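Novice: What follows is a single structure, and I will ask about it in a moment.
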Amino acid sequence: MADIENRPSNFIRQIIDADLASGKHQAVQTRFPPEPNGYLHIGHAKSICLNFGIAVDYQGKCNLRFDDTNPEKENIDFVNSIQRDVQWLGFQWDGAVRYSSDYFDALYGYAVELINKGLAYVCFLNAEQMREYRGSLTQPGKHSPYRDTSPAENLALFEKMRAGGFQEGECSLRAKIDMASPFICMRDPVIYRIKHAHHHQTGDKWCIYPMYDFTHCISDALEGITHSLCTLEFQDNRRLYDWILDNITIACHPQQIEFSRLNLEYQVMSKRKLHTLVEGKHVSGWDDPRMPTIAGLRRRGYTPASLREFAKRIGITKQDNVIEMSALESCIREDLDANAPRAFAVIDPLKVTISNYPADSVEWLNVSNHPKDESKGTRQVPFGKTLWIDRADFREEANKHYKRMVTGGEVRLRGAYVIRADEVIKDEAGNIVELICSYDPETLGKNPADGRKVRGVIHWVEASQARVAEFRIYDRLFSVANPGAEDDFIQVINADSLVVKHGFVEPSLAQAPVELAYQFEREGYYCADNQDFSAERLVFNRTVALRDTFVDA
């Protein structure tokens, strides 16, 4: 077991500690059981870090198991994306990837066992009738007219279901529990339904598929899971989880433990809503950098370390809460401030001509890759007669609090010389199109010899070697903190969640590795887009601004 002093603590780990100390378990076995019907989001990242983190810390094992009981909504693309996400976050499952469909034969056998015990029956109520018979939170349900069918007849009907003898929706297999239970999930829940659908793992072998609640607990037990960790919406379903395992012949009975799910400001976490965003083309896909999916966050430049740190900071509790977006953004800022290399990029370019610099001459200057970490070394950037600076770094007139370039004032170019703005050139409409400046050749790496005061430091890119680049400036996808509470969450999509600009970057960035985030000095953190970036087309996504500037409208 890992050093207890260095492990995080929460109520789940306290349960595990007690189970190991009492001898209830000799080792810990967890699982991460996603349904392959969409891409994983940051809430799943919290669960991944919990389940795999516990396995690592207790020297146990964690399975990756796909709960693939609904073939109409599942596909192999989702399966592959989930595996990529788990490994990208830094975790590795024990043994082979598992599927609930691996256990379909066993699950069928357990359903037969319940039928033979008089604890399951084939019901011919349709969906609307079943809702009517189920009752409500204040009224008990009514028994199905098929509830007392004999086990022998039920067994024959169930075999006919398996053989394709009924149409979809014509009948289902229900557990016989308690129609007066205060817990709706215990009122004779459906455990098998008919679906004439091709399955991505089992093909056309089955036309009946077990329900999630029936499948999940048995799959856990078959895999020897000790602690089955799930979110609070499954709290009531724990009674069904235990009832099924108590009423079949199976050696293992895992303990289900619930914790609060992740709710994040300015995002939706419902898979149904995420599907709506993708299918309605409100975003470019599951990996759109504005999405809360792990794939979207990765494309935006978030790092595995930042998401693991986020999961650690928010912790594991039973209390539902909403996490501020700034908490996530602070994790990536801290990671990138320490680790991201620096580079020069001009997003809103203004031309600068240095009048006293030799024409057709370019010199290469050594610039630090990271001002706080000398081990990251230096790089060479070109300097010449024509430069690009950011338009916001110049004003014709400004007070003393403005620390950038003004007419007649001097600034230092980061890693280069001190320059002075001597002349402003405008177009016919009065827009500034160029600055004529002069430079002091004695100020490379040192202050002016005569003690002249320099207003500030600005970034720049030399024009002849610069590369044209597209900058995708991402912000929060929604304009309100709780979009899921809106009558139509689509109506509160932030119109400025993506702004595209074109400018210039230093030439070294033509070979930028995809997903590696840089700090574009004084602009923000950006990474090369993992879909559209190439040496011929430089596309950079903003990961996060240098500081939180979002204003709730």
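Novice: Between a first residue in region 98-113 that is among the basic types (Lys, Arg) and at pLDDT 95 or above and a second residue that is crowded, with 20+ Cβ neighbours inside 10 Å and assigned to a helix (DSSP H, G or I), which pairs have beta carbons less than 9 Å apart while being 6 or more apart in sequence or on different chains?
Specialist: Every condition considered, the pairs that remain are Arg98/Ser219.
Novice: Here is a further query. Quick check on region 157-210: of everything there that is in contact with a Ser or Thr (Cβ under 7 Å, 6 or more places away or on another chain) and under 14 Å from Asn237 (Cβ atoms), which residue is surrounded by the fewest Cβ atoms within 10 Å (Cβ to Cβ)?
Specialist: Only one residue tops the list, namely Val190.
Novice: Being out of contact with any strand residue (DSSP E or B) (no Cβ under 8 Å at 6 or more places or on another chain) and β-branched (Val, Ile, Thr) narrows it down to one of Val112, Val97, so name that one.
Specialist: Numbers: Val97 fails: out of contact with any strand residue (DSSP E or B) (no Cβ under 8 Å at 6 or more places or on another chain).
Exactly one residue qualifies, and that residue is Val112.
Novice: Looking at Arg84, Arg65, which is the one that is part of a helix (DSSP H, G or I) and not polar (S, T, N, Q)? Full working, then the answer.
Specialist: On the way: Arg65 fails: part of a helix (DSSP H, G or I).
Matching residue, one of Arg84, Arg65: Arg84.
Novice: Which number in (1) out of contact with any strand residue (DSSP E or B) (no Cβ under 6 Å at 6 or more places or on another chain); (2) part of a loop (DSSP other than H, G, I, E, B); (3) of a type in the set (Gly, Ala, Ser) marks the one condition that Gly484 misses?
Specialist: Condition not satisfied by Gly484: (2).
Novice: How many residues, within region 462-490, are touching a helix residue (DSSP H, G or I) at 6+ places or on another chain (Cβ under 9 Å) and either without any contact (Cβ under 8 Å) to a residue 60 or more places away in the chain or closer than 13 Å to Phe344 by Cα (or both)?
Specialist: The qualifying residues number 6.
Novice: Here is a follow-up. Across region 328-369, which residue is surrounded by the fewest Cβ atoms within 10 Å (Cβ to Cβ) among those that are part of a loop (DSSP other than H, G, I, E, B) and of a type in the set (Phe, Trp, Tyr)?
Specialist: Only one residue tops the list, namely Tyr357.
Novice: Next question, about the same structure. Going by the conditions given, is Glu434 out of contact with any Gly (no Cβ under 9 Å at 6 or more places or on another chain), modelled with pLDDT of 95 or more, of a type outside the set (Val, Ile, Thr) and assigned by TED's automatic domain parsing to the domain that holds Ala305?
Specialist: So Glu434 fails the test.
Novice: Please find, within region 91-111, the residue that is farthest from Glu159 (Cα to Cα) out of those that are of a type in the set (A, V, I, L, M) and buried (at least 17 other Cβ atoms within 10 Å of the Cβ). Let's see the steps before the verdict.
Specialist: Pass one, region 91-111, residues of a type in the set (A, V, I, L, M): 96-97, 106-107, 111.
Pick out the ones that are also buried (at least 17 other Cβ atoms within 10 Å of the Cβ) and you get 107, 111.
Numbers: Leu107: 14, Ala111: 11 Å.
Among residues in region 91-111 that are of a type in the set (A, V, I, L, M) and buried (at least 17 other Cβ atoms within 10 Å of the Cβ), the one farthest from Glu159 (Cα to Cα) is Leu107.
Novice: I've got another one for you. In region 262-295, what residues are under 18 Å from Ala327 (Cβ atoms) and either surrounded by fewer than 17 Cβ atoms within 10 Å (Cβ to Cβ) or out of contact with any strand residue (DSSP E or B) (no Cβ under 8 Å at 6 or more places or on another chain) (or both)?
Specialist: Selection gives Asn263, Met269.
Novice: Ok, one more. Go through region 242-255 and count every residue that is surrounded by 22 or more Cβ atoms within 10 Å (Cβ to Cβ) and either in contact with a Pro (Cβ under 7 Å, 6 or more places away or on another chain) or within 19 Å of Val28 (Cβ to Cβ) (or both).
Specialist: Of all residues in region 242-255, those surrounded by 22 or more Cβ atoms within 10 Å (Cβ to Cβ) come to 244, 254.
Of the ones still in play, those that are also either in contact with a Pro (Cβ under 7 Å, 6 or more places away or on another chain) or within 19 Å of Val28 (Cβ to Cβ) (or both) are 254.
Of the residues in that region, 1 qualify.
Novice: Test of understanding: among Val480, Val433, which residue is within 26 Å of Pro382 (Cα to Cα) and either surrounded by fewer than 19 Cβ atoms within 10 Å (Cβ to Cβ) or aliphatic (A, V, I, L, M) (or both)? Give the derivation first.
Specialist: Numbers: Val480 fails: within 26 Å of Pro382 (Cα to Cα).
Criteria check complete, one pass: Val433.
Novice: Would you say Ile316 is surrounded by 19 or more Cβ atoms within 10 Å (Cβ to Cβ) and touching a Leu at 6+ places or on another chain (Cβ under 7 Å)?
Specialist: Working: surrounded by 19 or more Cβ atoms within 10 Å (Cβ to Cβ): yes; touching a Leu at 6+ places or on another chain (Cβ under 7 Å): yes.
Yes, satisfied.
Novice: Now a separate question. Evaluate region 33-56: report whether one residue or more is over 30 Å from Arg299 (Cβ atoms), in contact (Cβ under 8 Å) with a residue 40 or more places away in the chain and surrounded by 15 or more Cβ atoms within 10 Å (Cβ to Cβ). Spell out how you get there, then give the answer.
Specialist: Going through region 33-56, the residues over 30 Å from Arg299 (Cβ atoms) turn out to be none.
Looking for residues that are over 30 Å from Arg299 (Cβ atoms), in contact (Cβ under 8 Å) with a residue 40 or more places away in the chain and surrounded by 15 or more Cβ atoms within 10 Å (Cβ to Cβ), one finds none in region 33-56, hence no.
Novice: Only residues that are in a strand (DSSP E or B) and either over 22 Å from Gly285 (Cβ atoms) or small (Gly, Ala, Ser) (or both): list them for region 502-553, please.
Specialist: His502, Gly503, Phe504, Val505, Ala517, Tyr518, Gln519, Phe520, Gly524, Tyr525, Ala528 - these are the residues of region 502-553 that are in a strand (DSSP E or B) and either over 22 Å from Gly285 (Cβ atoms) or small (Gly, Ala, Ser) (or both).
Novice: Right, next: Is it the case that region 384-392 has a residue that's in the same structural domain as Leu435 (by TED's automatic domain parsing), touching a residue at least 40 places away in the same chain (Cβ under 8 Å), surrounded by 21 or more Cβ atoms within 10 Å (Cβ to Cβ) and within 17 Å of Thr443 (Cα to Cα)?
Specialist: The answer is no, given that none of the residues of region 384-392 is in the same structural domain as Leu435 (by TED's automatic domain parsing), touching a residue at least 40 places away in the same chain (Cβ under 8 Å), surrounded by 21 or more Cβ atoms within 10 Å (Cβ to Cβ) and within 17 Å of Thr443 (Cα to Cα).
Novice: Sort out for me the helices (runs of 4 or more DSSP H) sitting completely within region 168-281 that have 1 or more residues that are of a type in the set (S, T, N, Q) and more than 23 Å from Gly118 (Cβ to Cβ).
Specialist: Answer list for region 168-281: 212-222, 271-279.
The values are calculated or read from the model by the stated rules, or taken from the named source; none is laboratory data. This one's a predicted model, so the numbers in the text were calculated from it and none came from an experiment. When we count neighbours, we look across all protein chains shown, and the Cβ atoms used for this are built from the backbone with ideal geometry, even at glycine.
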